[in-house]
2 protein chains.
Amino acid sequence: MRNCRRFLSDKMSARFSMFIFLLPVFVQAQMQPGLYVSKEVQPDNSVIFRVKAPDAKSVKVFGTWPASLPYAIPMEKKDSLFEAKVGPLPSGMYEYRFLIDSMFTLDPKNSEVTRDGPIIENRLMVPGPLADLLDVKSVPHGRVTSVWYPSSVLGEDRRMYIYTPPGYDQDKKKYPVLYLLHGASGDEDGWLNRGRVNYVLDNLIASGKATPMIVVITNGNPNTPAAPLDRSFTFQNAGQGIGPMASGKFEESLVGDVIPFVEKNYRVIADADHRAIAGYSMGGYQTQNITNANPDKFKYIGVMSMGLFSSFQGGKNYDKDVHVKQLEALKKNNLKVYWIGIGKEDFLFQTAVKLRELYDSIGFKYTYFESQGRHDWNSWRLYLTEFVPMLFR
Amino acid sequence: MRNCRRFLSDKMSARFSMFIFLLPVFVQAQMQPGLYVSKEVQPDNSVIFRVKAPDAKSVKVFGTWPASLPYAIPMEKKDSLFEAKVGPLPSGMYEYRFLIDSMFTLDPKNSEVTRDGPIIENRLMVPGPLADLLDVKSVPHGRVTSVWYPSSVLGEDRRMYIYTPPGYDQDKKKYPVLYLLHGASGDEDGWLNRGRVNYVLDNLIASGKATPMIVVITNGNPNTPAAPLDRSFTFQNAGQGIGPMASGKFEESLVGDVIPFVEKNYRVIADADHRAIAGYSMGGYQTQNITNANPDKFKYIGVMSMGLFSSFQGGKNYDKDVHVKQLEALKKNNLKVYWIGIGKEDFLFQTAVKLRELYDSIGFKYTYFESQGRHDWNSWRLYLTEFVPMLFR
């Protein structure tokens, strides 16, 4: 009903009928005439994508496919539709959109859309074991709260999300906490929208594969108090990039502001045995910075899609002696889990090789997980489902 | 960094450098070459929209402009850009997207995107008094929690959002509650994404113009447990339309499931003097149904963009005698506020005329607010800022 403006003329007659309420559907049909299914999952888990683009010369479907496939897959014109078959795809969630000539467009028939930083895409679930972990199932659901907290380090109020497990609001127990960090150009929405962290936790907890825990999801851009959707129009737009995220200020704020706030405002077991931290990409760098500088704070550490950052960016300010001393201090803390996950096709793969070489050379123990993946959410969702079951056991 | 897949070839060399982290920006630039500002608010609050669409024959900017403007405004080709000046626009928030030949596309330079039901659009703030109420300001922020609750009426777990005002998590006070309902084809995300209800409340509370209150935002589709983004891939897709929403089942569930859950799980003043309900469009119909059937539950009632529903859809099952009896019972409850808000250009305007005629004929008192608006979020945001300050005074 709210979409009637999509078709109503300004001088529309006063006569209406029931069907007007269904008009969003008709309007979609009007813009892309004809009935078709835009994403049809086949019995073998291949997916047929379709889009009506009557004026287009070239159409591609652009998505987070497995590394064996190119990101952009050309679609063939069949009658009035463009169509492509992708896969069979492994079970999981995929981001996709259409590239019509030179313009990206969302699938007009799919209202499931996620944003990560400046990128907005449709989502698709491909059934099977991983989708079963990512999807909404008939299990008890935790709550996700958007919380603003004061940051004395950064001099402003900032936003984060806090997942509390099923039962938290009824019982009086204290819980362990996982802090989850995102990558460059992302924000605090990513681990929810794309990482599906609340549903992963719901499903893993329901099956007994994860310990009930609180998850804290921060915005790792020290110059951005909150995700774009909640940002004032006077603030800078998205895509803050690496500069501010690599400044070290967020790391300081996580330890100085976020952890004390969480431990004061939530029922938390406030010791290293019950604190975990993980992040992907720039968040994996920040995770290393935080745990290297605070060797007694966390007993569970996850570094995803990131290795020795200095081996990637040239290492101008890198001091190996300092790093080794930090790692030696960390070793003395008797870590329970130090987890490194990276994909063979991740463009940072070699940085993980370098990091492992360093760790091996000083006898610093870690668990290594290697996927076939690239540097995208397909990997980070998988890593999350691998890492979380190891925590607080 | 996470977007490197947008340009990396599968056989990319192992040599990388710092700039790779900034690639989302470069990729956008590559797809829509050239630097330009896509939405430039002028000193007089007119807005210049621009989009690079090299292959397009016709481009329009499509948005929730004031009723004096058509929804679709043609853009002129200037050099390699399409451009249109819209307005001057009244202060507030606007939804827009581009219609490029026959395809809708988002503004590739604006990561502020909101979804309402199946419609995904960019958002734009135009400075001034209304934007000041809708935007993130340096005031204390309440929390918004995504909560699943059991519905015995509908036989499933369902999701809603609960806004708790600043201070709720520190103090021990009990608060009044506003229940907010959405329109057909919408879901529980709308009042947050488009209605900005949490920021409206933050800002009104900070300036003393609203009483601190809890706001409960439900999903009014009885056949949909949660918004599309959190819906299982086995559920039906969006655009449920009027049928299920007009079935009366959600109304039953709000009274039978939602209110008891909120009053059990939150610190709430659980009486009619401290209960308010409002909704727009189908939610305005549901609001009438709920309050007509439960005359002693709410002392504050808001009906937005909806009047006498039967005068619109033909009224096959409408029984005026029953309705009048319900209204007489409601009158005896000594309502504090019964508010009707509608726009002159709302396609349901005449239904509000009919409702007011009925109310006048039986001496049923109400406050009437008439805007210049249409049946869209520009109206509902405005109505929210008018209605909330009247509550619990």
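None of the figures in this text is laboratory data; all of them are computed from the coordinates on show. Keep in mind that what you see is a predicted model, and the values were worked out from it rather than measured. All Cβ positions, glycine included, derive from the backbone under ideal geometry; neighbour counts span all protein chains shown.
For B:Asp319, place a label point 7 Å from Cα along the Cα-to-Cβ direction in every copy; what are the distances to the other copies, in nm, shortest first?
Counterpart label points of B:Asp319 in the remaining copies fall at 8.4 nm.
Between B:Leu178 and residues 5 or more places away or on another chain, which pairs have amide H atoms under 5 Å apart, with H built 1.01 Å from N, and which residues are they?
HN-HN under 5 Å from B:Leu178: B:Ile214, B:Val215, B:Val216, B:Ala276.
Among the aspartates and glutamates, select those whose C-alpha is under 18 Å from the C-alpha of A:Lys78, and discard any that sit fewer than 8 residues away in the same chain.
Here the aspartates and glutamates satisfying the reach criterion relative to A:Lys78 are A:Glu40, A:Asp55, A:Asp101, A:Asp107.
Exposure proxy check: B:Thr64, B:Thr145 ranked by fewest other beta carbons within 10 Å? Spell out each step's value before the answer.
Values: B:Thr64 23, B:Thr145 19.
Lowest to highest Cβ neighbour count: B:Thr145, B:Thr64.
With charges set only on the Cβ (+1 for Lys and Arg, -1 for Asp and Glu), what does the dipole of segment A:298-343 come to about its Cα centre, in debye to the nearest 20? It would help to have the intermediate numbers written out before the result.
Details: 7 positive and 3 negative charges, 36 e Å.
That gives segment A:298-343 a dipole magnitude of about 180 debye.
Each residue of segment B:128-144 in turn: what ³J(HN,Hα) in whole Hz from Karplus with 6.51, -1.76, 1.60 and θ = phi - 60°, glycine and Pro shown as x?
Once θ is set to phi - 60°, the couplings for segment B:128-144 become x, x, 6, 4, 4, 7, 8, 8, 6, 10, 7, 10, x, 9, x, 10, 10 Hz.
Consider just the alpha-carbon atoms of the protein assembly as shown and return their Rg together with their Dmax, both in angstrom.
Calculated on Cα positions, Rg and Dmax stand at 26.4, 89 Å.
Quick one: which residues, 5 or more positions from B:Asp55 or on another chain, have an amide H under 5 Å from its amide H? H modelled 1.01 Å from N in the peptide plane, none for Pro or chain starts.
Amide H neighbours of B:Asp55: A:Ser102.
Across peptide B:183-193, how many C-beta atoms of other chains are within 10 Å of each residue C-beta, on average? Mind dumping the intermediate values first?
Details: counts 4, 9, 10, 4, 1, 0, 0, 1, 0, 3, 1.
Mean partner-chain Cβ count within 10 Å for B:183-193: 3.
Treating cross-link reach as a plain straight distance, find the lysines whose alpha-carbon is under 29 Å from the alpha-carbon of A:Lys174, omitting any fewer than eight places away in the same chain.
Correct list for A:Lys174: A:Lys137, A:Lys209, A:Lys264, A:Lys297, A:Lys299, A:Lys331, A:Lys332, A:Lys336, B:Lys172, B:Lys173, B:Lys174, B:Lys264.
If packing is taken as the mean number of other Cβ atoms within 10 Å per residue, what is the order of B:298-309, B:275-286, highest first?
Numbers: B:298-309: 26.4, B:275-286: 28.1.
Descending packing order for the listed peptides: B:275-286, B:298-309.
By how many degrees, 0 to 90 and rounded to 10, does the Cα axis of helix A:197-206 deviate from the longest principal axis of chain A?
The answer is roughly 70 degrees.
Based solely on C-alpha atoms, express the radius of gyration and the Dmax of segment B:324-378 in angstrom.
Rg and Dmax of segment B:324-378, Cα atoms, are 12.5, 34 Å.
Can you list residues whose amide H is under 5 Å from A:Ala227's amide H, if they're 5+ apart or on another chain and H is modeled 1.01 Å from N?
When sequence neighbours closer than 5 places are left aside, the close amide H contacts are A:Glu188.
Based on DSSP H runs of at least 4 residues, each adding -39500 (n - 2.57), what is the mean residue ellipticity at 222 nm of chain B after dividing by all its residues, to the nearest 500 deg cm²/dmol?
Values: 12 runs with 97 residues, N = 393.
Here the helix-only value at 222 nm equals -6500 deg cm²/dmol.
If you take the charge dipole of the protein assembly as shown about its Cα centre, with +1 on Lys and Arg Cβ and -1 on Asp and Glu Cβ, which of B:Val86, A:Leu382, B:Gly63 is farthest toward its positive end?
Projecting each Cα onto the dipole axis, the largest value belongs to A:Leu382.
Using a 10 Å cut-off on Cβ to Cβ distances, tally the other chain neighbours for every residue of B:96-105 and report the average as a whole number. If you can, show how the numbers build up before the last one.
Details: counts 0, 2, 2, 1, 5, 7, 9, 15, 6, 7.
Other-chain Cβ atoms within 10 Å of each residue's Cβ, averaged: 5.
Using θ = phi - 60° and the Karplus curve 6.51 cos²θ - 1.76 cosθ + 1.60, what whole-Hz ³J(HN,Hα) does each residue of segment A:65-75 get, with Gly and Pro shown as x?
Here the 3J(HN,Hα) series is 6, x, 4, 6, 10, x, 4, 9, 10, x, 10 Hz.
When each copy gets a label point 7 Å from Cα toward the beta-carbon at B:Ser58, what are the spacings between them in nm, shortest first?
Label-point separations across copies, in nm and ascending: 2.6.
For label points placed 7 Å from Cα toward Cβ, what is the shortest-first list of nm distances from A:Met390 to its copies?
5.9
Per residue, how big is the convex hull of segment B:243-393 when only Cα atoms are used? Give it in Å³. Before the final figure, lay out the partial values.
Values: hull volume 17.2 nm³, N = 151.
In segment B:243-393, the Cα hull volume divided by residue count equals 114 Å³.
If you count, for each residue, the other Cβ atoms within 10 Å and average over each peptide, how do B:263-272, B:51-60 line up from highest to lowest?
Working: B:263-272: 15.1, B:51-60: 18.5.
Top to bottom by mean Cβ count within 10 Å: B:51-60, B:263-272.
Give me the percent of DSSP beta bridges within the protein assembly as shown that run antiparallel, rounded to the nearest 5.
Among the beta bridges of the protein assembly as shown, antiparallel pairing accounts for roughly 65 percent.
Calculate the all-directions average of the projected area of segment B:32-125's alpha-carbon convex hull, and give it in nm². Numbers along the way, then the final one.
On the way: hull surface 24.7 nm².
Projected area, direction-averaged: 6.2 nm².
For chain A, what log10 I(q)/I(0) values come out of the Debye formula at q = 0.08, 0.14 1/Å, with one point per alpha carbon and no solvent?
-0.48, -1.26
Excluding residues fewer than 8 places away in the same chain, name every one of the aspartates and glutamates whose C-alpha is closer than 17 Å to that of A:Lys320.
Result set, ordered by chain and number: A:Glu328, A:Glu357, A:Asp360.
Summarise the partner chain shielding of B:130-142 as one whole number: the mean count of Cβ atoms from other chains within 10 Å of each residue's Cβ. Please report the intermediate quantities before stating the final value.
Details: counts 0, 2, 0, 0, 1, 6, 12, 1, 4, 1, 3, 8, 3.
For this peptide, the per-residue mean of nearby foreign Cβ atoms is 3.
Dipole of the protein assembly as shown, Cα-centred, from +1 at each Lys and Arg C-beta and -1 at each Asp and Glu C-beta, to the nearest 20 debye? Let's see the in-between values first.
Details: 94 positive and 82 negative charges, 45 e Å.
Taking the Cα centre of the protein assembly as shown as origin, the dipole is about 220 debye.
Please compute the length gained on full extension between B:Glu370 and B:Ser46, using 0.36 nm multiplied by the number of residues separating them and subtracting their Cα-Cα distance.
Values: separation 324, 0.36 × 324 = 116.64 nm, distance 2.45 nm.
Full extension of this stretch gives 114.2 nm more.
From the phi angles alone, apply the Karplus equation (6.51, -1.76, 1.60; θ = phi - 60°) to segment A:94-108 and give each ³J(HN,Hα) in whole Hz, x where the residue is Gly or Pro.
Karplus values, whole Hz, x for Gly and Pro: 10, 9, 8, 7, 9, 10, 9, 6, 9, 10, 6, 9, 6, 5, x.
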